Structure formats: C-alpha cells, structure tokens
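Laboratory data are not the source of any read-out in this text; all were calculated from the coordinates shown. Keep in mind it's a predicted model, so treat the numbers as computed, not measured. Here the Cβ positions follow ideal geometry from the backbone for every residue, glycine too, while neighbour counts run over all protein chains shown.
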Amino acid sequence: MNKLRLIIAREYMSIVGRKSFIFLTLGMPLLFIFIMAVPIGLAWLNDKGSDTQQIAVIDETGRYAAALKSDDMYNFVAIKGDTVTNAREFYDKANGSLDAIIIIPRDVDSTGVVNIFSEGTITPALVSSVRNVLSDTIETAHLTAMGIPNIQEMVDKAHVDVDVRSITWSEAGGEQESSTEAAMGLGLMLSIFTYMFVLMYGAMIMNSVIEEKTNRIVEVVVSSCRPFQLMLGKIIGVGLVGLTQMAIWIVLLVVVAMVAGSAFGIGNVSPDAVSPEALASAKDMGAMEAIVRETLSINYTPIIVGFILYFIGGYLLYSSLFAGLGSAVDQPSDSSQFTTPVILIMLIAFYAGMACMDNPSGPTAVWCSIIPFTSPVVMMIRLPFGVPFWQLALSLGLLFGTALAITWLAARIYRRGILHYGKKASFADLFKWMK
Amino acid sequence: MAYLDINNVVKRYEGHTALNGVSMQVEQGTIYGLLGPNGAGKSTLIRIINRILAADEGTVTLNGKQMTDDDITHIGYLPEERGLYKKMKVGDHIVYLGRLKGMTKADAVASMHWWLDRFDLKEWENKKVENLSKGMQQKVQFIGTVIHRPPLLIFDEPFSGFDPVNAEQLKVEILALRDQGSTILFSTHNMASVEEVCQQITLLNHAQVVLTGSVDEVKQQHKKNIIAVQSPDTIEPNPELFAILPPDPVKKQDTRIKLASGVNVRDAINWLNEHYRLTGFTEVLPSMNEIFIETVKSKNTENNE
C-alpha cells in the first residue's frame with residue numbers, strides 16, 4: 001500500500017511538475033478563447049475597415065425606400081422610380097460611385113420580390129438586412145391597409161411560442177417537471193467529458209508505460225514492487241493528474257465567466273435605462289430563467305452518483321487496456337497497431353451515445369448502455385431521463401466485472417510486456433502472455 | 001546452509017526451456033560469479049531470484065527460508081539493461097528507489113547524501129538526471145542499487161559502460177560491501193573481473209549448470225599439466241616424461257612442456273634440472289577465459305552430435 005502511494009505520487013509529480021503540463025493546462029483555455037475570438041474579431045475588423053457602400057434604391061412604389069436607413073456600412077440613396085428607365089444605364093452613368101442598386105418593383109406587395117444589382121459581390125449581410133427591414137415594413141403596411149384599428153397589437157398578442165414541458169410520473173405517483181432539453185444537454189456534457197477524459201489520459205498512461213520501457217528503468221522498479229502495483233499506480237496517478245487538470249480548467253472557466261460578466265455589466269441594469277435592447281434581453285432572461293428552473297428540476301443525485309461510478313469503471317477499463325497495450329511496444333510510434341482498435345471502440349461508443357439522444361429508451365440505447373465498453377459513454381446520455389433499476393444494476397455489474405477482468409488480463413500482459421524488447425509483439429503474443 | 005540456495009529451478013517459455021533444473025549455493029559474505037554465454041539463462045535466473053519472474057519448478061531459499069515477495073527489500077539489483085527517469089532530480093530519484101525498497105524518507109535522504117558524497121556527486125543532487133554524463137548516471141544507478149544496504153546484491157554486467165577509472169572505483173566499492181557482510185551475485189562476461197573478485201562461480205550453458213566450484217578448484221580441474229620452463233639451453237622433448245609445446249605467443253622466451261600422463265611435476269623438474277641449466281619454472285593454469293570458451297565449446301559440440 002505504501003509502495004503504491006509512492007508510485008502514485010511519483011507518477012503524479014512527474015507529469016504535473018513538467019513545464020509542458022503547465023503550458024498545456026493554461027494554454028488550452030487560451031487556445032479555446034483564441035479560436036472563438038478570432039473569427040469574431042476578424043469579422044469586426046472586416047466591417048470596420050471597409051468603406052461605406054453607396055447604394056441607390058429605386059423604389060417604383062415610392063412607399064418603402066424610406067424604411068432603409070443609412071448607417072456606417074451602407075448609405076442608401078432613394079431615387080424616384082419613374083426617373084430611371086434602365087438600371088444598368090443608371091449604374092454605368094454613376095461611374096463607379098455606386099456599389100449596388102436595389103429595385104423595389106411596383107408589384108412587390110403581391111410578389112414579395114426585391115432585386116439587388118451590382119457588378120461586385122453582394123454581401124450576405126446586405127441581403128439579410130434588406131430582407132428583414134422590407135419584410136417588416138411591408139407586413140406592417142399590409143396590416144394597416146386592412147383598416148382595422150389596433151391590428152398591430154392584436155397580431156402581437158396572437159403571436160405565440162409554444163413551450164413544451166415534460167412531466168414525468170414517478171412510480172410513487174408524484175409528478176415531476178423535467179426538461180428534456182436540459183437533461184439532454186447535461187447527459188451530452190457528461191458523456192463527452194468521459195469520452196475525452198478516457199482518451200486523453202489513456203494515451204498519457206500508454207506513453208508513460210512506453211517511456212519507462214525505453215528508459216530501461218522498469219526492471220529496477222519491478223525488482224522493488226509488483227508489476228501490478230506499478231501499473232495501478234500509473235493508472236491512479238495519471239487519473240489524479242486528469243482530475244487536477246479538469247479542476248484547474250473549471251476554476252478558470254468560472255473566473256473568466258465572472259470577469260466577463262462584470263465587464264459587460266450583466267445584472268447592473270438600472271430601471272431608468274430600460275431601452276428596447278434591454279427589454280429584449282429581459283425577455284431572453286426569462287427564457288434563461290426557464291432553462292435554469294428546468295435544469296434545477298432535474299434530480300441530480302442519481303446522475304452524480306451514476307456519473308462517478310461510470311467514470312471510474314470506464315476509466316479503469318480503458319486505462320488498463322492502454323497500459324497493457326503500451327507495455328507491448330518499445331516506442332510510441334509502434335503503438336498505433338494496438339491503439340487503433342481501442343480508439344475505434346471508443347468512437348463507436350461515442351456515436352452510439354449521439355444516436356441514442358433522440359430516443360434514450362430505444363433498443364440501441366439500452367443495449368449500448370449495458371455493454372461494458374460503450375456503457376460509460378452511452379449511459380451518461382440516458383441517465384438524466386431516468387433508467388430502470390435492473391438495467392442500471394446489470395450495466396454497472398457488467399462494467400465493473402469487465403473492468404476488473406481487463407485490469408487483471410492487462411496486468412498479465414504488462415508483466416511480460418515490460419521486459420519484452422526487440423521483436424515487435426503481435427496480438428498473438430499478447431494472448432500468449434495472458435495465459 | 002548456504003545464504004542463497006537455488007534448488008532445481010525450472011523455467012519454461014513457449015517453445016523453449018530457459019532453465020532446466022539449475023541448482024546453486026551462494027555462501028554469505030562471498031562474491032559469486034554467474035557466468036555463461038548469451039541466452040544461457042542467466043537473466044532469467046536473476047529475475048527469478050528478484051521475483052520478477054516465477055519459477056515453474058524448484059525452490060529459492062534466502063537465509064534458510066523460502067523466498068516471498070517481501071524479501072525483495074533485502075535485495076539490491078542492478079540489471080544489465082538499466083536506466084533512470086531522465087526528468088527526475090538525482091537526489092529525488094535515489095530517495096525514490098530507496099523508499100520503494102522500504103526505507104523511511106529520513107533514512108533514504110541520509111543514505112543518499114552519504115553515497116553522493118562518496119562518489120563526488122554532491123553538487124549534482126538537485127540537477128536533473130538527463131544533465132549527467134553517462135558515467136555519472138551509472139554511478140547514480142549503483143547508488144540506487146545499494147542505498148538500502150541490502151544483504152544480497154545482484155549485479156548484472158556491472159562494469160559495462162564504465163571507463164577503467166570508474167570501473168576500478170566500482171570494484172573497490174563492491175569489495176567493501178562484501179567486507180561489510182553483503183553477499184554478492186555477479187553476472188558477467190568479463191572473465192578478468194571474475195578472476196579478480198569472485199570466490200565461487202557457476203557456468204550456465206543451454207539452461208543448465210555445466211561447471212561450478214571455487215575459482216581455484218575450477219582452475220585446478222582444468223589444468224593441462226603444462227609447465228613453463230626458463231632455461232638458456234634448448235630443451236629437447238623426452239617422450240617418457242614430456243612433450244614440447246609451441247611457444248606461448250606472449251612469453252616467447254619460455255619453453256612450454258606438457259607432462260606425459262602419470263608423470264608428476266617433481267620427477268619432470270628433477271630430470272630437467274639434471275640435464276639442463278634451469279633458471280625457473282611455473283605451472284601454467286588456464287585462465288577463466290580459456291575455461292569458459294573450452295567448456296562452452298565442448299558442450300556445444302556434444303549437443304550437436
């Protein structure tokens with residue numbers, strides 16, 4: 001037990017103390033922010049840097065051109081429809097001072113079609129802006145034309161977004177409101193977390209095993225402890241590294257969210273400054289509140305307990321697999337022949353999880369959540385929707401049974417593999433070593 | 001009762017037998033040479049003693065008791081293929097190896113300081129292993145092997161990779177450990193070092209013991225009744241007593257005579273003394289190197305027939 005603790009501590013410190021770990025841990029969120037921020041920043045720079053476009057609006061109806069308001073990007077110049085007979089001629093005459101011409105045809109009320117002409121590119125931003133403004137304006141005009149007083153208010157009142165709430169009857173007869181969307185989101189998050197964690201740190205364990213082998217330190221170490229202790233120490237040590245890294249990322253995320261929150265002044269809206277935008281965001285807040293309420297309505301205890309159990313089982317299963325396979329190769333470049341099948345199984349689990357999201361009680365979902373190699377990922381998707389007890393018990397029993405069996409087999413491979421040098425081991429060799 | 005008693009150990013792998021009934025007794029406080037060509041089974045035997053591998057048959061007893069996993073704390077093992085964690089600091093690394101062998105942290109730290117001082121590596125304590133020269137890394141490995149003062153030490157090719165100066169220092173340390181009571185099992189191809197430090201040897205070939213005994217006994221057993229004679233005269237062969245061998249390529253001035261069977265040294269020397277002017281004579285004993293090659297070769301021919 002003492003030796004195991006020593007091995008865990010060494011493994012943990014050897015990774016956490018490395019400069020590359022610190023860079024990676026702090027760099028990943030920065031990279032993520034960078035990836036998110038760059039397109040936004042570039043788009044902003046793009047808009048900022050371009051000149052105001054001169055756009056002539058030929059309004060044959062004479063009623064709608066005024067709705068298009070000029071701003072930094074577009075300068076709309078209204079031109080009476082009857083003064084222009086040929087748009088092309090008009091454009092050419094402008095001698096390059098025009099970027100585009102919008103023609104609102106006389107029959108726009110019935111056809112709903114507006115044309116934009118240009119020699120250059122017509123940006124999607126211009127198209128969508130024109131579409132939105134003219135749609136609203138023409139719609140309002142139509143409503144007004146009906147001559148019914150307060151029609152606008154009536155239409156607004158009639159407008160409805162249907163919110164579907166799902167209520168689950170518990171066996172005890174109680175009712176519980178739950179949100180499928182919040183449950184799906186949570187399940188997806190947990191399953192992606194398990195998937196990423198197992199892949200990332202499984203690979204780390206494998207590298208650590210190969211490194212000890214190439215270093216030739218391994219024979220000295222296994223003359224001081226059992227190979228199984230060394231393997232288990234590695235699995236636990238790297239697992240703790242993973243949890244540390246995750247914890248740092250979560251703390252960073254919270255800090256960034258808090259800093260961003262205070263910078264943009266969320267929660268600081270004074271009653272005097274109620275602008276239409278603020279009202280709109282208040283509406284969004286209402287939706288947010290609903291999501292928060294629904295999220296809170298999910299029963300977390302089984303999900304958290306389930307997550308911990310599946311996470312441990314899945315990690316043990318795959319990491320011992322990686323450790324066993326890592327022991328069979330001399331250098332990282334040789335490892336792909338063994339890792340490919342394992343990664344393939346993980347991918348299948350991941351896709352099975354995605355496929356089960358629409359129908360978490362379907363046969364694929366049920367089977368994949370019981371088969372040990374896919375259950376840690378798939379069950380996470382199903383768990384927030386509620387899973388019958390017998391399935392949960394069977395799945396967990398199988399998972400832990402298999403994880404222990406795989407650990408035992410991996411330890412047998414490991415014992416032989418770490419002292420095997422030279423000739424590249426094949427799968428047949430691995431089976432021989434298991435005996 | 002020998003300190004380390006290996007009794008009829010058998011180890012089989014798929015397709016071949018690595019050890020076929022090997023027995024060996026190592027007395028306490030001696031240096032025991034385990035010899036043999038590549039693939040003879042030395043490393044397998046050493047790994048069985050270290051409990052890295054399990055024997056299929058036979059027993060290994062240490063100090064009269066069947067060995068268990070807990071006994072590995074009584075062993076210091078320097079494998080032939082050895083290495084260190086490159087990114088660890090020298091001091092931390094040595095302490096880690098000591099603690100893995102069951103030392104307390106304080107003991108391990110104290111012992112580490114003592115040994116670093118002894119090998120003039122004090123200023124390297126907080127440097128990473130990768131910054132050390134190969135020779136210094138070998139010294140760190142040696143310290144890692146002996147830090148817990150084990151009663152049984154196993155060295156597999158300890159001198160490989162050492163320059164003559166460091167090899168000499170290592171030899172002195174090994175002899176000092178023996179004088180302090182450690183029992184040392186020593187596996188090597190370097191026959192010169194066997195003659196210098198080992199009292200007993202066992203020669204393995206093709207998974208079996210082909211030769212065992214004290215270095216002196218083995219040499220006596222393999223002597224060819226050859227005498228190197230120094231004389232200003234030219235000695236003629238005497239078929240009843242001896243034949244003349246071609247001169248040794250190194251000591252050309254000596255005349256080498258091989259005694260006829262049944263003739264003892266005294267009779268031959270007396271006769272020579274009467275007929276020639278003798279200035280000196282020495283009995284030529286075979287070197288361990290010659291014995292090694294001869295034994296391994298003859299066994300191989302036997303096996304091939």
- Looking at chain B, what % of its DSSP beta bridges pair antiparallel, to the nearest 5? 70 percent
- Note on the structure: If one builds a Gaussian network model of chain A from Cα atoms under 10 Å apart, the most fluctuating residue listed among A:Gly96, A:Gly353, A:Gly239 is A:Gly96
- May I ask you to order B:264-272, B:42-50, A:321-329 by the average number of other C-beta atoms within 10 Å around their residues, highest value first? A:321-329, B:42-50, B:264-272
- One quarter of the C-alpha convex hull surface, i.e. the mean projected area of the range A:46-120 in nm², amounts to 5.3 nm²
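Return the loop-located trypsin sites (Lys or Arg not before Pro) in the range A:1-91 (DSSP other than H, G, I, E, B) with at most 10 other Cβ atoms within 10 Å of their own Cβ; answer none if there are none.
On the way: sites: A:Lys3, A:Arg5, A:Arg10, A:Arg18, A:Lys19, A:Lys48, A:Arg63, A:Lys69, A:Lys80, A:Arg88; in loops: A:Arg18, A:Arg63, A:Lys69.
When the trypsin sites (Lys or Arg not before Pro) of the range A:1-91 are filtered for loop state and at most 10 Cβ neighbours within 10 Å, A:Lys69 remain.
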- Let me know the mean shielding of B:180-186 by other chains, meaning the per-residue number of their Cβ atoms within 10 Å of its Cβ. 0
- Item | Cross-link pairs beyond the 31 Å C-alpha cut-off, checked among A:Lys3/B:Lys127; B:Lys11/B:Lys128; A:Lys234/B:Lys65; B:Lys139/B:Lys297 | B:Lys11/B:Lys128; A:Lys234/B:Lys65; B:Lys139/B:Lys297
- Spatial separation of Cα centroids for the range A:240-255 and the range A:60-76, in angstrom: 52 Å
- Query: When the helix-only estimate is applied to the protein assembly as shown (DSSP H runs of n ≥ 4, each -39,500 (n - 2.57), divided by the residue count), what is the mean residue ellipticity at 222 nm, nearest 500 deg cm²/dmol?
  - Reply: -17500 deg cm²/dmol
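Report, as an integer, the average count of C-beta atoms from other chains found within 10 Å of each Cβ along B:75-88.
Values: counts 2, 3, 5, 3, 8, 2, 7, 6, 9, 4, 7, 3, 6, 5.
Across B:75-88, the average partner-chain Cβ count within 10 Å equals 5.
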- Query: At what distance in angstrom do the alpha carbon centres of the range B:184-241 and the range B:135-163 lie from each other?
  - Reply: 28 Å
- Query: When you look at the Cβ of every residue in B:98-106, what mean number of other chain Cβ atoms sits within 10 Å?
  - Reply: 3
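Based on Cβ point charges of +1 for Lys and Arg and -1 for Asp and Glu, what charge dipole magnitude is obtained for the range A:177-234 about its Cα centre, in debye rounded to the nearest 20? Working shown, then result.
Values: 4 positive and 5 negative charges, 81 e Å.
Approximately 380 debye in magnitude.
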- Return the aspartates and glutamates within reach of A:Lys48: Cα separation strictly under 16 angstrom, same-chain partners fewer than 8 residues apart disregarded; answer none if there are no such residues. A:Asp71, A:Asp72
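If Lys and Arg each add +1 and Asp and Glu each add -1, what is the summed charge of the other residues whose beta carbon sits under 13 Å from the beta carbon of A:Ser118? Provide the component values of the computation, followed by the final result.
On the way: positive: A:Arg88; negative: A:Asp92, A:Asp99, A:Glu119.
Taking every other residue near A:Ser118 into account, the sum is -2.
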- Which one of B:Glu125, B:Glu290, B:Glu196 has the biggest mean-square fluctuation once chain B is modelled by GNM with Cα springs under 10 Å? B:Glu196
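Exactly which chymotrypsin sites (Phe, Trp or Tyr not before Pro) in the range B:24-97 are in a DSSP loop and have at most 10 other Cβ atoms within 10 Å? Write down the numbers at each step before the final one.
Values: sites: B:Tyr32, B:Tyr77, B:Tyr85, B:Tyr96; in loops: B:Tyr85.
Passing both the DSSP loop test and the Cβ count: no residue.
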- Choice from A:Leu252, A:Leu68, A:Leu316 with maximal GNM fluctuation in chain A (Cα, 10 Å cutoff): A:Leu68
- Can you give me the Cα centroid spacing of the range A:382-409 and the range B:1-60 in angstrom? 45 Å
- Determine the sum of side-chain charges near A:Leu430: Lys and Arg each +1, Asp and Glu each -1, restricted to other residues whose C-beta is under 11 angstrom from that of A:Leu430. +3
- Angle, helix A:336-355 long axis vs. longest principal axis of chain A, Cα atoms, 0 to 90°, nearest 10? 50 degrees
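Sort A:104-114, B:166-176, A:186-196 by the packing proxy (mean of other Cβ within 10 Å over each peptide's residues), most packed first. Mind dumping the intermediate values first?
Working: A:104-114: 13.8, B:166-176: 15.7, A:186-196: 19.5.
Per-residue Cβ counts within 10 Å, averaged per peptide and sorted highest first, yield A:186-196, B:166-176, A:104-114.
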- Just the Cα atoms of the protein assembly as shown, one point each, no solvent: what log10 I(q)/I(0) does Debye give at q = 0.06 Å⁻¹? -0.63
- Query: When Lys and Arg each count +1 and Asp and Glu each count -1, what net charge do the other residues less than 11 Å away from B:Gln169, Cβ to Cβ, add up to?
  - Reply: -1
